[in-house]
Amino acid sequence: MTQRQLAVSGQFYPNEKKELVDTINQYKQINHNINFTPRAIISPHAGYIYSGFTANQAFCQIPKEIKTIVVIGPSHKFRFDGISISNYDSYPTPQGSLTIDTQLIKELSNKFNFISFIDQVHCEHSTETQMPFIRYHLPTVQVVEMIYSNIEYQDISKLIATVLENKNNFIVISTDLSHFHTKTKAKELDDICIDAISTLNIKKFDNGCEACGLTGVKAIVDYANKSNYKVEKLDYRTSADITNDDSSVVGYCSFVFG
């Protein structure tokens with residue numbers, strides 16, 4: 001049995017089971033009137049103290065009958081071409097391990113030539129921070145971790161289309177928004193991203209949207225637009241909500257598509 005090694009447990013989220021469960025338990029769910037079947041979410045990936053509430057609003061929307069969740073996030077530490085896929089057997093979390101869908105990995109790797117497995121890449125926080133939420137809400141689901149670097153959003157959109165052909169599959173797109181601007185400037189930039197996502201308009205991202213996972217966000221917006229999906233904003237906030245420092249903030253948002 002091979003296992004993905006954790007890189008940010010105890011830093012971005014608690015590494016002790018009870019503390020982690022208690023942390024997620026405290027994130028009260030906002031009552032959203034979602035009038036469609038969720039197929040994908042956008043979720044942030046900062047430390048839980050900053051973005052955990054926002055992320056949890058999205059994970060609460062995943063249907064309980066989902067069998068496999070594919071988590072797609074940007075690489076922050078390594079530059080490479082294409083996507084690296086988590087070719088392990090299991091994915092640990094402080095609450096217990098998740099099983100990796102090795103069959104889906106095989107199918108996707110055979111279909112798309114931009115998919116490979118680069119072991120050193122899988123120390124990435126943008127994807128790892130999503131897994132404890134998945135383990136909390138859907139403990140028996142299988143997962144696939146996909147980390148991208150140099151790739152066009154159209155390629156990821158095609159990948160998403162293949163994954164979502166199966167109604168038992170679900171997509172998580174990981175991104176934070178603007179980084180280290182004043183709160184006023186951050187909101188100005190983040191509003192551009194939020195408007196582009198909310199209207200499923202790829203061109204609007206070019207008006208100044210800052211997001212470390214912008215390629216993945218464009219991919220799900222492109223797919224959603226082509227598939228006549230609806231989209232609902234779930235939550236938006238900045239790190240200033242915790243730090244009370246408006247001089248240099250990071251923005252976070254969550255959305256659901258279906």
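Asn31 is checked against (1) farther than 28 Å from Asn87 by Cβ; (2) modelled with pLDDT of 95 or more; (3) surrounded by fewer than 20 Cβ atoms within 10 Å (Cβ to Cβ) and fails just one. What number does that condition carry?
All conditions pass for Asn31, except number (2).
The conditions are (1) free of Cβ contacts under 8 Å to residues at least 60 places away in the same chain; (2) surrounded by fewer than 17 Cβ atoms within 10 Å (Cβ to Cβ), and Asn150 fails exactly one of them. Which is it?
With (1) free of Cβ contacts under 8 Å to residues at least 60 places away in the same chain; (2) surrounded by fewer than 17 Cβ atoms within 10 Å (Cβ to Cβ) applied to Asn150, the lone miss is (1).
Against the condition in a loop (DSSP other than H, G, I, E, B), more than 16 Å from Gly216 (Cβ to Cβ) and touching a helix residue (DSSP H, G or I) at 6+ places or on another chain (Cβ under 9 Å), how does Thr140 come out, does it pass?
Values: in a loop (DSSP other than H, G, I, E, B): yes; more than 16 Å from Gly216 (Cβ to Cβ): yes; touching a helix residue (DSSP H, G or I) at 6+ places or on another chain (Cβ under 9 Å): no.
No, not satisfied.
Are any residues in the stretch 172-188 more than 21 Å from the chain's Cα centre (by Cα) and outside any strand (DSSP E or B), and if so, which ones?
Thr182, Lys183, Thr184, Lys185, Glu188
With the requirement that a residue be without any contact (Cβ under 8 Å) to a residue 24 or more places away in the chain and assigned to a loop (DSSP other than H, G, I, E, B), what does the stretch 5-27 give you?
Selection gives Gly10, Gln26.
Is there a residue being more than 28 Å from Lys67 (Cβ to Cβ), in contact with a Leu (Cβ under 9 Å, 6 or more places away or on another chain) and either among the hydrophobic types (A, V, I, L, M, F, W, C) or surrounded by 18 or more Cβ atoms within 10 Å (Cβ to Cβ) (or both) anywhere in the stretch 157-165?
no
Among the candidates Asp241, Asp245, single out the residue that is surrounded by fewer than 23 Cβ atoms within 10 Å (Cβ to Cβ), assigned to a helix (DSSP H, G or I) and at pLDDT below 95.
The match here is Asp241.
The values are calculated or read from the model by the stated rules, or taken from the named source; none is laboratory data. Just so we're clear, the structure is a prediction, and the values are computed from it rather than from any experiment. Note that we place each Cβ from the backbone using ideal geometry, even for glycine, and neighbour counts take in every protein chain shown.
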